[in-house]
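Novice: Input: one structure, supplied below.
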Amino acid sequence: MSLSNNFPTIKPSLNLDFANTGTLDPRVTFARASTATYYDGVTTAKAEENLLTYSQEFDNAAWSKNNTTVTANTTTAPDGTTTADTITDNATSASHSAFLGVASIITAGTTYTLSCYLKAGTSNYGYLSLQDAATPQRYFAADFDLSGGTVRTSAAGTSGTLTSATITSVGSGWYRCVIIGQVAAVGTTRFVVGVSDGTTAISSYGTIGYVGSGSTIYAWGAQLEQRSSVTAYTATTDQPITNYIPVLQTAAANVARFDHNPTTGEALGLLIEEQRTNLVTYSADFSNAAWSSVNVSVGSDVNISPAGSQTADSLTRNSSVAACYMQLGPALTITNQAYTFTAYVKAKSAGGYFAVQHQPDFANRCMCTFDLTTGVAATPYAPGGSTATAMSASMASVGNGWYRIAFTATLSAASGYRVYFGPTAVPTSGDSWVNASATLSDCFIWGAQLEAGAFPTSYIATTSAQVTRSADAASMTGTNFSSWYNQGEGAVYVEQFYNSLLPAASFTNILSISDNSTNNRLILYSSNATQVDAVVQTNGSTQAQFYKPNVLSAGNSVKLALSYEANNFAFTANGAAVDTDNSGVVPSVDRVFFEAGAIGTAQGNRYLRKVSYYPQALTAANLQALTS
């Protein structure tokens, strides 16, 4: 007999497909007193963008030379590599620059941000311009003093608009020079990086002309972005780059979350979580005094975060060979229990690692490193004598090179707890960020969270105070329940998506049908990381109890089916052999709780994909067919 012939012939009286519909049946009562975060599987935002080609190769033929010569790879660039070029003017009385034609990618009346890293050579002045070589007044430009770190002069033509011009030191004499503006029409538009004499005004063509004398500046990392602010530099070669990132969404209070895998868009189902509090303040502002740094500088709001906004910070080590890390400023008082630290982290370049250390006190610290290239967390480490136990770590890709890293440990009670983190070397045991700067890789960071609990939950944003996300609660009661439920006999099918965030020993509820007590109930739950169980209790006495080991695996769904009638109970999972119990009384019940216990508490902290109910007992073949 084929498997399809074993499906029930009776139609379900309740069929809730949370994963595929992404909606709540109106009979389901849902509540959560706060906002909460999730991914909708659809919304993305433009992240890194560089519309130029050969962005740090001014010697390349793609860049035209106007009364200049370019010598490649002459000095150390801001990223520490010897990839910065020298631009040298000649003796002509004219403008002196390297330029890239961008007319095909510029839209008139649209705001663009131009940036380039410049450093004084024998000349202390360099300029940037977006200009039309054939038509005057169609430009915006600025000349920068590369010795004093100021904007010497800036201007726009009558057919151009200059929004702003800024210069920012990035160390070792380098400045990131930025101009933002629009042009009203597009002709032979160019992105211009030029040498200036520091006295001549910007011409009506957006250039600076003078008699050259072999003066030099250094240039590296040109970038053109179609937006109104500069973001972190993204290098290009023969192709421009525009990256997109899935955007973390915020659901309003009392709005259910139908979560998705941020990188694949796969619908995971209805997310039900317990109440949690983010214990850190200024969770996305690492320049705030709530955080302090050692040998690390923070760049504020320099890149696009997983929230889709320019709120991600950078962590940049200095040249010290000592420890390089950030730390939670005010010490916290913690109790003797599990704590989980999470953050969204992205490497600036391949080869980056990130370290996190829980420290109730120095003797009882523990740490873990995370590979931001491979997405693999190292085995957590605690030095000898530390009381830290039950350590676990994970990394989850959230798109565009970002990972949400998580590190959990059961810690000793302390009044001086701090968390330490930062870019680090290849993972080793011990204090992995000490004396390792030669192999450190700088990174971006956003959305830190510290919560009391043995696994991470969805991100909770904070500013000046800790924030609590309320528990999710979903149920059906009254006629919304009795209209489909049969007290005498029936069968329930449940599909749940299982992730690896919960610890191996964790107990978590999946579905509870009860009278709002633990005396009368049919309950499905997982008792550890691989096993699912079913229990039927009547008047406080267990009528049937089933166990299915080795059916849960991270990243997969589990399918469960429980059938009941007097003296005939049966249970299976994932098409396994059906377990039966031929003795027992069916309890009288009046409600169902989704991903919660028999009284609606102890949330499951997982994703409920589907719930179906059949108003009659099903055969063993039916149960196996449903769950296969």
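Novice: Using only the Cα atoms, work out Rg/Rh for segment 52-239, with Rh taken as the Kirkwood radius, to two decimals.
Specialist: Values: Rg = 14.5 Å, Rh = 15.8 Å.
Expressed as Rg/Rh, it is 0.92.
Novice: Quick one: which residues, 5+ away or cross-chain, put their amide H under 5 Å from the amide H of Thr74? H built at 1.01 Å from N.
Specialist: Amide H to amide H, under 5 Å and 5 or more residues apart or across chains, Thr74 pairs with Ala84, Asp85, Thr86.
Novice: Exposure proxy check: His358, His260 ranked by fewest other beta carbons within 10 Å?
Specialist: Details: His358 28, His260 24.
With the fewest neighbours first, His358, His260 line up as His260, His358.
Novice: Using bins 10 angstrom wide from zero, how does P(r) for segment 309-373 break down, in % of all Cα pairs?
Specialist: P(r) over segment 309-373, rounded to whole percents: 14, 46, 31, 9.
Novice: Measuring from the lowest to the highest alpha carbon on each principal axis, how far does segment 510-628 reach, largest first, in angstroms?
Specialist: 37, 32, 23
Novice: Please report, in whole Å, how far the alpha carbons of segment 276-467 spread along each principal axis, starting with the longest.
Specialist: Computed over the Cα atoms, the extents are 37, 35, 28 Å.
Novice: May I pose another question? Semi-axes of the equivalent ellipsoid for the chain, please: Cα gyration tensor eigenvalues, times 5, square-rooted, ordered largest first, whole Å.
Specialist: Numbers: eigenvalues 712, 152, 71 Å².
The answer is 60, 28, 19 Å, longest axis first.
Novice: Taking Lys65 as the anchor, which lysines have their alpha carbon closer than 20 Å to its alpha carbon, excluding any fewer than eight residues away along the same chain?
Specialist: List returned: Lys119.
Novice: What translational D, rounded to a whole number of µm²/s, comes out for segment 1-148 from Stokes-Einstein when the hydrodynamic radius is the Kirkwood one over Cα pairs, at 10 °C and 1.306 mPa s?
Specialist: Values: Rh = 21.7 Å.
Stokes-Einstein gives a translational diffusion coefficient of 73 µm²/s.
Novice: What value, in deg cm²/dmol to 500, does the helix sum -39500 (n - 2.57) over DSSP H runs of n ≥ 4 give at 222 nm once divided by the residues of the chain?
Specialist: Details: 3 runs with 16 residues, N = 628.
For the chain, the value works out to -500 deg cm²/dmol.
Each reported figure results from applying straightforward, stated rules to the coordinates on display, with no laboratory input. The model shown is predicted, which means the values in this text are computed figures rather than measured ones. Note that each Cβ is placed from the backbone with ideal geometry, even for glycine, and that neighbours are counted across all protein chains shown.
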